[in-house]
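Here is the structure we will look at, set down as structure tokens.
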Amino acid sequence: MDGAALLRWGHTCVAELEHRREEINALNVFPVPDADTGTNLLATMRCALGAARTAERDAYGVLAAMAHGATIGARGNSGIILSQVLRGLAEAVRGGPLTADRLRIALARAAELVRESLSVPIEGTILTVLDCASVAVAACPDHSLADVALAAADGAAKALGDTPSQLGVLRETGVVDAGARGLVVLLDSLVSITRGDAPTRPEYARPTMGATRLVPGAHAEPSAEPRYEVMYSLTGADESSVAQLRTRLGELGDSVVVVGDGDRSWSAHVHCADAGAAVEAGLAAGALSRIRIENVVVASQRPALASPEESLAAAGDDAWMSSTVEIEGIAEFDPVSASVAATPTEPSSVAADRGVLAVATGRGATVLFEEAGARVLVGAPSVTATTLLGAIRRMPNREVLVLPNGALPAHELLAVGVAARDAQRDVLLLPSACMVQGLAALAVHDRGRIAVDDAFAMSEAAATTRWGSLRAASGRALTMVGMCEAGDGLGLAGQDVVVIDRDVRAAGRTLLDRLLAFGGELVTLLIGEAAPSELGDELAAHVEREFPGVEAIVYSGGQHGDLVQIGVE
């Protein structure tokens with residue numbers, strides 16, 4: 001099979017997983033009965049296929065892209081293990097197309113990778129079935145890919161039927177393992193591509209009604225201690241730090257899987273009581289993204305339903321417990337819903353024990369934030385997730401509102417927020433992309449309101465403040481509005497260059513015209529350390545002359561980089 005054929009296999013896998021999703025979800029009783037294994041496998045395979053659409057068209061290029069896409073987009077235990085099956089296939093085809101011998105190598109390597117990734121391997125799961133598929137192809141005397149693929153699929157199907165005898169929770173509920181059923185779907189899809197038709201498999205039995213066991217030996221009663229499924233992608237880590245992460249996650253919980261795509265991207269999964277500690281462990285290992293946190297105890301008490309939409313409808317008032325946002329099969333942590341759940345619902349008659357932490361650069365800007373009542377984390381030379389997390393933990397307040405002011409990318413902020421929250425402290429990170437938005441938010445801060453109302457008002461103030469910046473180009477570069485030369489004035493609306501002018505002052509005036517084209521009542525000009533003399537006064541005079549009724553206020557910010565930060569309210 002060349003790259004084109006492997007892409008067809010990927011499309012077939014997605015179609016078959018769509019067809020079998022409900023069946024696989026209904027089989028899902030281990031490690032937690034949350035009825036999502038089919039959904040997770042489908043979402044992960046979609047991510048794999050999406051990554052392969054722009055890959056090199058040889059066999060290795062396609063499978064390496066699929067392995068990477070599955071690793072960073074993995075959903076659940078089953079999705080992470082699927083990524084390792086794809087990685088095993090990719091490693092086996094470095095020298096050419098997928099052949100019978102390379103399929104044997106691929107399945108053996110996949111089985112090895114999966115066992116290495118698990119903190120506590122459990123037999124009677126996809127792990128055992130993958131081993132059996134590998135053994136079946138090793139024993140197959142045939143030399144055609146089609147025959148070896150069939151041997152793999154049949155070996156896996158036989159092992160699937162044996163899983164209830166190997167794992168007590170499957171035996172008690174009368175089902176086969178859900179993840180292993182998904183593996184059989186993938187191998188049957190390979191048979192379909194190589195032989196023209198797929199083997200006929202039975203409709204596997206659904207769980208015994210009323211079975212709600214979480215893990216072997218667990219009780220059906222809801223636990224008083226919250227339990228979360230935590231997943232995230234990891235970059236910038238090496239084998240040593242990943243090994244330490246796997247050990248740490250094993251100390252925090254169970255169902256630990258940490259896998260890589262073979263090219264510096266990793267994915268981690270754990271079920272634990274302390275989601276913040278699990279995220280913090282990831283931060284110690286590398287840079288995090290695609291964070292997903294879900295309360296699995298609540299989900300496990302619900303009946304198996306056909307779709308996520310039905311699950312949400314059935315959840316009713318408990319829906320907030322699943323703090324995720326689904327985007328094209330990828331889930332990312334939603335800090336707002338999680339924070340709301342942890343915030344008192346009754347207003348207080350006295351000022352709350354609440355503080356604001358703001359990131360600021362420049363002496364003048366620091367003073368502005370401090371005078372408005374915030375504690376300041378100085379942003380120069382740079383702020384990292386670790387330094388921001390430390391600053392939050394040093395805050396003496398039970399409730400902490402954070403104005404990051406563009407210091408870190410969104411995925412790092414999410415990680416910091418999760419790690420910072422605990423039983424003693426509620427932390428809300430507000431959407432301030434720059435210091436002028438942070439100042440606008442701080443202007444409406446009111447400790448007399450409950451935290452969510454205060455955070456909402458501040459977030460709205462930041463979000464409705466249009467902002468831009470004036471900079472001097474450091475060198476020749478191509479922008480979205482053309483080529484700039486060193487020393488040119490660059491006007492940015494948000495993060496996008498919209499103005500280029502040889503005269504920095506002229507660029508500033510044009511930028512103000514653009515920002516005020518949609519109206520405004522107040523313009524804040526935060527002047528940087530390297531700004532030309534009198535630039536602030538000149539820009540303020542331009543506003544007053546060209547936009548009667550609009551007030552302009554000039555502050556000395558002293559920030560590096562931006563000659564002027566502009567906020568329009």
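Of note:
- Near pairs, Cβ below 9 angstrom, 6+ apart or cross-chain, from segment 48-61 (of a type in the set (S, T, N, Q)) to any residue that is part of a helix (DSSP H, G or I): T54/A65
- Taking the listed residues L107, L118, the one that is touching a Leu at 6+ places or on another chain (Cβ under 8 Å), surrounded by fewer than 24 Cβ atoms within 10 Å (Cβ to Cβ) and among the hydrophobic types (A, V, I, L, M, F, W, C) is L118, with no other qualifying.
- R264 being within 15 Å of the chain's Cα centre (by Cα) and either modelled with pLDDT under 90 or among the β-branched types (V, I, T) (or both): no
- Taking every residue in segment 358-379 that is assigned to a loop (DSSP other than H, G, I, E, B) and pairing it with any residue that is charged (D, E, K, R) and open to solvent by 10 Å² or more (accessible area, probe 1.4 Å), at least 6 positions away or on another chain, the pairs with Cβ-Cβ distances below 8 Å are G362/E529.
Table: residues versus (1) without any contact (Cβ under 8 Å) to a residue 24 or more places away in the chain; (2) part of a helix (DSSP H, G or I); (3) crowded, with 16+ Cβ neighbours inside 10 Å; (4) in contact with a Ser or Thr (Cβ under 9 Å, 6 or more places away or on another chain).
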| position | (1), (2), (3), (4) |
| --- | --- |
| V230 | no, no, yes, no |
| S240 | yes, yes, no, no |
| L245 | no, yes, yes, no |
| V256 | no, no, yes, yes |
| W266 | no, no, yes, yes |
| H269 | no, no, yes, yes |
| A278 | no, yes, yes, no |
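- Matching residues, segment 40-55, being open to solvent by 10 Å² or more (accessible area, probe 1.4 Å) and touching a helix residue (DSSP H, G or I) at 6+ places or on another chain (Cβ under 7 Å): R46, C47, G50, A51, A55
- Output for segment 6-20, where each listed residue is surrounded by 16 or more Cβ atoms within 10 Å (Cβ to Cβ) and closer than 18 Å to A51 by Cβ: L6, L7, W9, G10, T12, C13, V14, L17
- Index of the failed condition, A275 passing every other in (1) touching a Gly at 6+ places or on another chain (Cβ under 8 Å); (2) at pLDDT below 90; (3) within 22 Å of D36 (Cβ to Cβ): (1)
- Qualifying position, being under 25 Å from V383 (Cβ atoms), small (G, A, S), in contact (Cβ under 8 Å) with a residue 60 or more places away in the chain and open to solvent by 20 Å² or more (accessible area, probe 1.4 Å), among A443, A419, A410: A443
- Enumerated helices (runs of 4 or more DSSP H) restricted to segment 382-488, each holding at least 3 residues that are under 16 Å from F369 (Cα atoms): 435-443, 451-463
Rundown of residues vs (1) open to solvent by 10 Å² or more (accessible area, probe 1.4 Å); (2) in contact with a Leu (Cβ under 6 Å, 6 or more places away or on another chain); (3) closer than 15 Å to L190 by Cβ, yes/no style:
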site	(1), (2), (3)
R57	yes, no, no
Y60	yes, no, no
G76	no, no, no
E91	yes, no, no
P97	yes, no, yes
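- Scanning segment 170-195 for residues that are under 29 Å from C13 (Cα atoms), open to solvent by 60 Å² or more (accessible area, probe 1.4 Å) and at pLDDT below 90 yields a total of 1.
- From the list G448, G438, G491, G468, the lone residue that is out of contact with any Leu (no Cβ under 7 Å at 6 or more places or on another chain) and of a type outside the set (S, T, N, Q) is G448.
- Of the listed requirements (1) touching a residue at least 12 places away in the same chain (Cβ under 8 Å); (2) more than 17 Å from A365 (Cβ to Cβ); (3) open to solvent by less than 70 Å² (accessible area, probe 1.4 Å); (4) assigned to a helix (DSSP H, G or I), L492 misses just one: (4).
The values are calculated or read from the model by the stated rules, or taken from the named source; none is laboratory data. Please read all numbers here as calculations on a predicted model, not as lab measurements. Cβ sites come from the backbone with ideal geometry, for glycine too, and all protein chains shown count toward neighbours. For accessibility, only protein heavy atoms count, side chains too; no ligands or nucleic acids. Shrake-Rupley method; radii C 1.70, N 1.55, O 1.52, S 1.80 Å.
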